[in-house]
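Visitor: Could you have a look at this structure, given as structure tokens, before my questions?
Derivation of every value follows stated rules applied to the coordinates shown; laboratory data play no part. None of these values were measured; they are calculated from a predicted model. Positions of Cβ are backbone-derived with ideal geometry, glycine not excepted, and every protein chain shown enters the neighbour counts.
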Amino acid sequence: MISIDLKKWLWIISIPTLLILLALGYFQAGEPAGFTAITGTVILTCTLLPSALMRLGLLKENPYVRWLVKYRKDLGIVAGTWLLTHGLVSALFFLKRDQPILDQLMVLPLKPIWIMVPILSLMLLTSNEYSEKLLGKNWDRLHKLVWLLPALMFFHGNLAIAEFEKEDFAPAGILLAIVALVAIYESFRSKRYHRIVLLVIGWMVTVYFWMSSQV
């Protein structure tokens, strides 16, 4: 039986780490953008994947999977915090401070953030008991928007790392692909297709961004 209070330790580790990474971003030192992106994606994977595996009947008795599912909401809040901090760290690190910020945010790799940031922010703002009671069934519908993110994150991550860090592939993309594929399979098994619809919409938006950049 795992007795560690994951919620407490996630914040004990995350808060000072994120403050240090923000400082590194401001002083443009180290690799804070990549670290926040990978860590946020890992935590998001730990939020989404264990629940899907258990719904499929896989690893149902595994204590680690059950432990992660128990802290699913807390993991989601921490994942959103890391990913939003990644955006701020990246802005501090990469954006040129002597040029208009909005113009720089309109380049192709950064277009998905105009969708991702509002979704993550809205989910974080409503990740509390008061909002859950206030919104009722709409709370769950709102938080299902998380399934728009994998395709957008994959698109953003790979184009941004090529644009800003001159690398070929964002390793976090592998995790996002696994999460998406498991979700698709689980949706077909359960005959609940909202995850597939949202994943496809996210993918179609990335196609639109790509096609509009080629005009």
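Visitor: Among the lysines, which fall within straight-line cross-link reach of residue 111, defined as a Cα-Cα distance under 27 Å, with same-chain neighbours fewer than 8 residues apart omitted?
Guide: 96, 144, 166
Visitor: Would you list, by chain and number, the aspartates and glutamates whose Cα falls below 12 Å from the Cα of residue 70, excluding same-chain residues fewer than 8 positions away?
Guide: Straight-distance partners of residue 70: 5.
Visitor: Still on this structure: If the chain between residue 97 and residue 67 were fully stretched, how many nm would it gain, using 0.36 nm times the residue separation less the Cα-Cα distance? Present the calculation step by step, with values, prior to reporting the outcome.
Guide: Details: separation 30, 0.36 × 30 = 10.80 nm, distance 4.38 nm.
Result for the pair: 6.4 nm of gain on full extension.
Visitor: If you don't mind, another one. Could you sort 190-202, 72-84 so that the peptide with the highest average Cβ count within 10 Å comes first and the rest follow in order? Don't skip to the answer; put the middle values down first.
Guide: Numbers: 190-202: 15.2, 72-84: 20.5.
In decreasing order of mean packing, 190-202, 72-84 become 72-84, 190-202.
Visitor: Let's test the formula: R0 of 45 Å, r as the Cβ-Cβ distance of residue 114 and residue 12. What FRET efficiency results, to the nearest 0.05? Walk me through the numbers before you get to the answer.
Guide: Working: r = 33 Å, r/R0 = 0.73.
After rounding, the FRET efficiency stands at 0.85.
Visitor: Determine the gain in length on full extension of the stretch residue 134-residue 213; use 0.36 nm per residue of separation and subtract their C-alpha separation, reporting nm with one decimal. Could you put the intermediate results ahead of the total?
Guide: Details: separation 79, 0.36 × 79 = 28.44 nm, distance 4.08 nm.
Gain on stretching residue 134 to residue 213: 24.4 nm.
Visitor: Please report the spacing between the Cα centers of the stretch 154-215 and the stretch 1-55 in Å, no decimals.
Guide: One Cα centre to the other: 21 Å.
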